[in-house]
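The values are calculated or read from the model by the stated rules, or taken from the named source; none is laboratory data. Only a predicted model underlies this, so the values are computations on that prediction, with no experimental measurement involved. Note: ideal-geometry Cβ built from the backbone for every residue, glycine included; neighbour counts use all protein chains shown.
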Amino acid sequence: MRWGRAMKDSDVLIVGAGPSGLVLALWLKALGVNVRIVDAASGPGTTSRALAVQARTLELYRQLDLAQAVVEHGHPIQFFNIWTEGEHRGRIALGAIGAGLTPYPFFHIYPQDRHEQLLVERLAAAGVLVERNTTLTGFDERGDHVEARLVDANGVEERCAARWLAGCDGARSAVRNAIGVDFPGGTYRQVFYVADIEGDSPALNGELNLDLDESDILAVFATAPKGRGRLVGTVRDERAEHAETLRFSDVSQRAIDNLMITVNMVNWFSTYRVHHRVADHFRRGRAFLVGDAGHIHSPAGGQGMNTGICDAINLAWKLAAVLQNRAPEGLLDSYEAERLPFARRLVDTTDRAFSFLTADGPIAEIVRTGIAPRLMPLIGKLPGAREYLFRTISQTVVHYRDAPLCAGHAGKVHGGDRLPWVQFEGGDNFLPLPKPDWQVHVYGSVQADLVTWCALHGVALRRWDWSEGCAAAGLARDAIYLLRPDTYVGLAAGTPSIDVLDGYLRANALTL
């Protein structure tokens, strides 16, 4: 081991430059935090991996002018097709399935390799470069900071100091191992393959296609309007015992036969097992776990990457507030209090969906190939079922009502809820601030003392005329909604009162 540069300080050292780490770095930089991000790999990922970017992620991306680029260069999924054993059984229109709920009422595909490249470019434009070929070998807490040991590709070791450390380094997280946090869970017995292909098929039609039969599942996710897609299928029989040696030609026959796929090119092929684990804690001392370092689960619903991104944004504004002496360190406890329960619920939900799709036995086969293909197109037409499906998958239903940082209610909106989206003539109430920050919303009339209070605290005050859309969204007329920098409602006060606002700040020791 050779010693390298002198100690290089930062406010936050981020280990791992996948989407979670990159987003954490972007948000911290936007909030004025000195950040450093390292990654053991030589460059960004070059395979598509995670595909879906959910509506809640796009809402948050809008804060830093990222959403438009993702939408413009991605691909919305307009229809969901159900097949059984090679026969087309139904087509469910998705389109703007979440209309009236969000500015992004669709299911959207934006492959992770392009996604990461966009984030890397935006981060570089902000003056932060990812330090590649750099591995964390350990760290020690030194009172008010951590001292980390980094090694580059040439074996040169560097010691660096940071106030806080964020482990965004995936399922085999070195940070999680270093802080000794257990990662309980398990591994599903099924072996899967994934292949990004170009070709011709009724199932390479720019839509989502799912083929169910007695023993297998095969999903085709469109990655372009036509001719390109991601195949995900099960590996059965004795081949599963030698999955690491398989090639696409070993497992592709069913896709070719059932979905009439003619493969012109295979851009990526891999086999894998699906894990379901959640760390016992997301924080220990001055270190945090973000994304796959803290939770991994089945790919059902395209939740993993989006959950990690929302972890990062939740943590970013809290770290910034503490570093800038606008909140006590105790605020950081709310990161685990808010994100860990959601991760556990998510693993349970995706586990049930995954188990249904992959269950064995005669009853499961009847349900999967006989009952489900008949019921799903019918259910897909019910407005209530469509809204429930969208809210769940899009993560717009996620709330923190039971967390300590949230208080009050006004109308149907509680502290901890995602702010309901309302469209007005010429805009909407999700219009971003110049940078993510606290803000007050009023729908109706604003009292003079609230104007004075917001000016005194340097908080943006935003008022909209009361409308039927406000009432339909569950908002209360003339109420005060104090929004956190991640646009979740911190305080909802049905009776406008400066005392309520002051009490909230005192209770949480916040300086806005």
Inset, instruction - Just give me the residues in the range 150-176 being touching a Cys at 6+ places or on another chain (Cβ under 9 Å) and either within 25 Å of D280 (Cβ to Cβ) or outside the structural domain of G294 (by TED's automatic domain parsing) (or both), in sequence order. - result: V175
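A quick yes/no check of all residues on (1) surrounded by fewer than 18 Cβ atoms within 10 Å (Cβ to Cβ); (2) more than 20 Å from P111 (Cα to Cα); (3) under 16 Å from the mean Cα position of the chain (by Cα):
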residue: Q253; (1), (2), (3): yes, yes, no
residue: I261; (1), (2), (3): no, yes, no
residue: H275; (1), (2), (3): yes, yes, no
residue: V278; (1), (2), (3): no, yes, yes
residue: A287; (1), (2), (3): no, yes, no
residue: I296; (1), (2), (3): no, no, yes
Legend entry - Condition check for V191: part of a strand (DSSP E or B), of a type in the set (V, I, T) and closer than 25 Å to P76 by Cβ: no
Inset, instruction - Would you check if T396 is surrounded by 19 or more Cβ atoms within 10 Å (Cβ to Cβ), within 15 Å of F106 (Cα to Cα) and of a type in the set (V, I, T)? - result: yes
Inset, instruction - Identify, by number, the condition in (1) within 23 Å of N314 (Cα to Cα); (2) in a loop (DSSP other than H, G, I, E, B); (3) touching a Ser or Thr at 6+ places or on another chain (Cβ under 9 Å) that L505 doesn't meet. - result: (2)
Legend entry - strands (runs of 3 or more DSSP E) fully within the range 210-321 counting 1 or more residues that are of a type in the set (S, T, N, Q) and modelled with pLDDT under 90: 228-235, 262-278
Legend entry - Tally, over the range 112-171, of residues that are touching a helix residue (DSSP H, G or I) at 6+ places or on another chain (Cβ under 9 Å), assigned to a loop (DSSP other than H, G, I, E, B) and of a type in the set (A, V, I, L, M, F, W, C): 6
Inset, instruction - Of all residues in the range 481-512, count the ones that are without any contact (Cβ under 8 Å) to a residue 12 or more places away in the chain and among the basic types (K, R). - result: 1
Inset, instruction - Pairs only if they're at least six apart or on different chains, beta carbon under 6 angstrom, first in the range 230-249 and farther than 22 Å from N205 by Cα, second in a helix (DSSP H, G or I); list them, first residue then second. - result: V235/A243; V235/V251
Inset, instruction - Give the residue, chosen from G155, G143, that is farther than 24 Å from A50 by Cα, modelled with pLDDT under 95, out of contact with any strand residue (DSSP E or B) (no Cβ under 8 Å at 6 or more places or on another chain) and not hydrophobic (A, V, I, L, M, F, W, C). - result: G143
Inset, instruction - May I ask you to list the residues in the range 412-436 that are out of contact with any strand residue (DSSP E or B) (no Cβ under 7 Å at 6 or more places or on another chain) and within 22 Å of K318 (Cα to Cα)? - result: F430, L431, P432, P434, K435, P436
